[in-house]
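Chemist: Have a look at this one before I ask anything.
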Amino acid sequence: MDTNRSPLDAVEAQQVLDQLQHDRARASDRVRTPLWHRIAFALTVVTAISAFALPEDAFTVAFSASAIVAVLLGLVRPWVTKTQADPWSDGTALKIGLAQTVAVLGTGAAGVLLYTATGLAWVLWVAAVLAGTMSVVLETRMESVFASSIHGGRR
(Lines give C-alpha, C1' and ligand atoms only; values in the text may rest on other atoms or scores of the structure.)
Protein backbone atom coordinates (compact mmCIF):
# COMPACT_ATOMS: atom_id res chain seq x y z
CA MET A 1 0.00 0.00 0.00
CA ASP A 2 1.28 3.46 -0.86
CA THR A 3 1.75 5.29 2.45
CA ASN A 4 3.32 8.41 0.91
CA ARG A 5 0.10 9.47 -0.79
CA SER A 6 -1.96 12.25 0.75
CA PRO A 7 -5.65 11.64 1.40
CA LEU A 8 -8.09 12.64 -1.32
CA ASP A 9 -9.99 15.83 -0.90
CA ALA A 10 -13.75 15.90 -1.59
CA VAL A 11 -13.35 17.03 -5.21
CA GLU A 12 -10.80 14.32 -6.04
CA ALA A 13 -12.91 11.70 -4.29
CA GLN A 14 -15.96 12.73 -6.32
CA GLN A 15 -13.93 12.54 -9.54
CA VAL A 16 -12.80 9.01 -8.66
CA LEU A 17 -16.39 7.97 -7.88
CA ASP A 18 -17.63 9.54 -11.13
CA GLN A 19 -14.95 7.67 -13.10
CA LEU A 20 -15.88 4.42 -11.35
CA GLN A 21 -19.56 4.94 -12.23
CA HIS A 22 -18.60 5.70 -15.84
CA ASP A 23 -16.48 2.52 -15.99
CA ARG A 24 -19.33 0.45 -14.54
CA ALA A 25 -21.74 1.88 -17.12
CA ARG A 26 -19.33 1.02 -19.96
CA ALA A 27 -18.75 -2.47 -18.60
CA SER A 28 -22.47 -3.12 -18.16
CA ASP A 29 -23.10 -2.16 -21.79
CA ARG A 30 -20.35 -4.47 -23.02
CA VAL A 31 -21.46 -7.64 -21.19
CA ARG A 32 -24.68 -7.94 -23.19
CA THR A 33 -24.56 -9.96 -26.37
CA PRO A 34 -25.94 -8.23 -29.45
CA LEU A 35 -29.44 -9.10 -30.61
CA TRP A 36 -28.11 -11.10 -33.58
CA HIS A 37 -26.32 -13.45 -31.14
CA ARG A 38 -29.49 -14.08 -29.11
CA ILE A 39 -31.53 -14.62 -32.27
CA ALA A 40 -28.91 -17.02 -33.65
CA PHE A 41 -29.14 -19.06 -30.45
CA ALA A 42 -32.95 -19.03 -30.65
CA LEU A 43 -32.73 -20.33 -34.22
CA THR A 44 -30.61 -23.24 -32.99
CA VAL A 45 -33.38 -24.02 -30.51
CA VAL A 46 -36.01 -23.85 -33.28
CA THR A 47 -33.88 -26.06 -35.53
CA ALA A 48 -33.26 -28.65 -32.81
CA ILE A 49 -36.95 -28.98 -31.99
CA SER A 50 -38.10 -28.85 -35.61
CA ALA A 51 -35.63 -31.58 -36.52
CA PHE A 52 -37.93 -34.13 -34.90
CA ALA A 53 -40.29 -33.79 -37.89
CA LEU A 54 -37.54 -34.83 -40.32
CA PRO A 55 -36.59 -38.29 -41.55
CA GLU A 56 -33.92 -40.03 -39.46
CA ASP A 57 -30.85 -39.02 -41.51
CA ALA A 58 -31.98 -35.41 -41.88
CA PHE A 59 -32.87 -35.34 -38.18
CA THR A 60 -29.35 -36.40 -37.24
CA VAL A 61 -27.79 -33.70 -39.42
CA ALA A 62 -30.16 -30.90 -38.34
CA PHE A 63 -30.05 -31.74 -34.64
CA SER A 64 -26.26 -32.17 -34.62
CA ALA A 65 -25.72 -28.96 -36.59
CA SER A 66 -27.91 -27.01 -34.17
CA ALA A 67 -26.00 -28.42 -31.19
CA ILE A 68 -22.65 -27.51 -32.78
CA VAL A 69 -23.82 -23.98 -33.60
CA ALA A 70 -25.13 -23.53 -30.03
CA VAL A 71 -21.75 -24.55 -28.60
CA LEU A 72 -19.93 -22.27 -31.06
CA LEU A 73 -22.15 -19.35 -30.07
CA GLY A 74 -21.22 -19.98 -26.45
CA LEU A 75 -17.54 -20.10 -27.35
CA VAL A 76 -17.61 -16.84 -29.31
CA ARG A 77 -19.55 -14.97 -26.60
CA PRO A 78 -16.37 -13.57 -24.99
CA TRP A 79 -15.12 -12.47 -28.40
CA VAL A 80 -18.45 -10.81 -29.26
CA THR A 81 -18.77 -8.98 -25.92
CA LYS A 82 -15.01 -8.47 -25.55
CA THR A 83 -15.35 -9.51 -21.89
CA GLN A 84 -15.05 -12.67 -19.85
CA ALA A 85 -18.22 -11.73 -17.95
CA ASP A 86 -20.58 -14.64 -17.37
CA PRO A 87 -24.25 -13.92 -16.64
CA TRP A 88 -24.55 -17.41 -15.13
CA SER A 89 -22.29 -16.23 -12.28
CA ASP A 90 -24.84 -13.72 -10.98
CA GLY A 91 -27.49 -15.07 -8.58
CA THR A 92 -30.52 -13.27 -10.02
CA ALA A 93 -29.42 -13.75 -13.63
CA LEU A 94 -28.79 -17.42 -12.87
CA LYS A 95 -32.41 -17.86 -11.76
CA ILE A 96 -33.61 -16.35 -15.03
CA GLY A 97 -31.19 -18.56 -16.99
CA LEU A 98 -32.48 -21.66 -15.21
CA ALA A 99 -36.06 -20.57 -15.91
CA GLN A 100 -35.08 -20.15 -19.57
CA THR A 101 -33.58 -23.63 -19.66
CA VAL A 102 -36.65 -25.23 -18.05
CA ALA A 103 -39.07 -23.27 -20.25
CA VAL A 104 -37.26 -24.04 -23.51
CA LEU A 105 -36.65 -27.71 -22.72
CA GLY A 106 -40.17 -28.17 -21.36
CA THR A 107 -41.80 -26.55 -24.38
CA GLY A 108 -39.59 -28.53 -26.74
CA ALA A 109 -40.29 -31.81 -24.98
CA ALA A 110 -44.03 -31.12 -24.91
CA GLY A 111 -43.97 -30.31 -28.62
CA VAL A 112 -42.05 -33.48 -29.47
CA LEU A 113 -44.39 -35.62 -27.34
CA LEU A 114 -47.52 -34.07 -28.88
CA TYR A 115 -46.06 -34.46 -32.36
CA THR A 116 -45.19 -38.09 -31.66
CA ALA A 117 -48.69 -38.76 -30.31
CA THR A 118 -50.63 -36.91 -33.01
CA GLY A 119 -48.35 -36.82 -36.05
CA LEU A 120 -49.36 -33.17 -36.56
CA ALA A 121 -46.27 -31.27 -37.71
CA TRP A 122 -47.82 -27.87 -36.93
CA VAL A 123 -47.81 -28.79 -33.23
CA LEU A 124 -44.04 -29.24 -33.40
CA TRP A 125 -43.55 -25.99 -35.33
CA VAL A 126 -45.62 -24.03 -32.79
CA ALA A 127 -43.59 -25.52 -29.94
CA ALA A 128 -40.33 -24.73 -31.74
CA VAL A 129 -41.27 -21.09 -32.40
CA LEU A 130 -42.57 -20.66 -28.85
CA ALA A 131 -39.36 -22.13 -27.40
CA GLY A 132 -37.23 -19.91 -29.65
CA THR A 133 -39.20 -16.82 -28.64
CA MET A 134 -38.90 -17.67 -24.96
CA SER A 135 -35.18 -18.16 -25.48
CA VAL A 136 -34.71 -14.65 -26.88
CA VAL A 137 -36.96 -12.98 -24.29
CA LEU A 138 -35.50 -14.73 -21.26
CA GLU A 139 -31.90 -14.44 -22.46
CA THR A 140 -32.42 -10.72 -23.00
CA ARG A 141 -33.89 -10.44 -19.50
CA MET A 142 -31.03 -12.45 -18.02
CA GLU A 143 -28.40 -10.26 -19.62
CA SER A 144 -30.23 -7.06 -18.62
CA VAL A 145 -30.33 -8.17 -14.99
CA PHE A 146 -26.64 -9.07 -15.14
CA ALA A 147 -25.73 -5.73 -16.72
CA SER A 148 -27.80 -3.93 -14.11
CA SER A 149 -25.92 -5.78 -11.39
CA ILE A 150 -22.61 -4.61 -12.82
CA HIS A 151 -23.84 -1.06 -13.36
CA GLY A 152 -25.09 -0.85 -9.77
CA GLY A 153 -21.81 -2.18 -8.38
CA ARG A 154 -23.34 -5.37 -7.00
CA ARG A 155 -21.01 -7.47 -9.20
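The values are calculated or read from the model by the stated rules, or taken from the named source; none is laboratory data. Treat the numbers as computed from the prediction; the structure is a model and nothing was measured. Note that we place each Cβ from the backbone using ideal geometry, even for glycine, and neighbour counts take in every protein chain shown.
Chemist: Restricting region 74-101 to residues that are over 14 Å from the mean Cα position of the chain (by Cα) and either buried (at least 18 other Cβ atoms within 10 Å of the Cβ) or assigned to a helix (DSSP H, G or I) (or both), which is modelled with the highest pLDDT?
Modeler: Step by step, filter region 74-101, then rank; the result is 79.
Chemist: Given the criterion of a type in the set (A, V, I, L, M, F, W, C) and free of Cβ contacts under 8 Å to residues at least 12 places away in the same chain, identify the matching residue among 102, 80.
Modeler: Only one candidate passes the filter, namely 102.
Chemist: Separate question: May I ask you to verify whether residue 109 is part of a helix (DSSP H, G or I), at pLDDT below 90 and aliphatic (A, V, I, L, M)?
Modeler: no
Chemist: Moving to a separate point now. Considering only region 1-52, how many residues are surrounded by fewer than 11 Cβ atoms within 10 Å (Cβ to Cβ), modelled with pLDDT under 75 and in a loop (DSSP other than H, G, I, E, B)?
Modeler: Result for region 1-52: 7.
Chemist: Going by what's in this entry, would residue 144 be described as surrounded by 14 or more Cβ atoms within 10 Å (Cβ to Cβ) and within 21 Å of residue 41 (Cβ to Cβ)?
Modeler: So residue 144 fits the description; yes.
Chemist: Right, another one. Please specify each residue of region 117-138 satisfying the condition of being in contact (Cβ under 8 Å) with a residue 24 or more places away in the chain and either surrounded by fewer than 23 Cβ atoms within 10 Å (Cβ to Cβ) or over 15 Å from the mean Cα position of the chain (by Cα) (or both).
Modeler: If the condition is that a residue be in contact (Cβ under 8 Å) with a residue 24 or more places away in the chain and either surrounded by fewer than 23 Cβ atoms within 10 Å (Cβ to Cβ) or over 15 Å from the mean Cα position of the chain (by Cα) (or both), then 121, 124, 125, 127, 128, 129, 133, 134, 136, 138 are the ones that fit.
Chemist: In addition: With the structure loaded, tell me whether residue 94 is closer than 23 Å to residue 31 by Cα and without any contact (Cβ under 8 Å) to a residue 12 or more places away in the chain or whether it fails that test.
Modeler: yes
Chemist: Across region 48-66, what is the total count of residues that are of a type in the set (Val, Ile, Thr) and touching a residue at least 40 places away in the same chain (Cβ under 8 Å)?
Modeler: 1
Chemist: Any idea which of 135, 148, 144 is touching a Phe, Trp or Tyr at 6+ places or on another chain (Cβ under 9 Å) and within 26 Å of residue 83 (Cα to Cα)?
Modeler: 135
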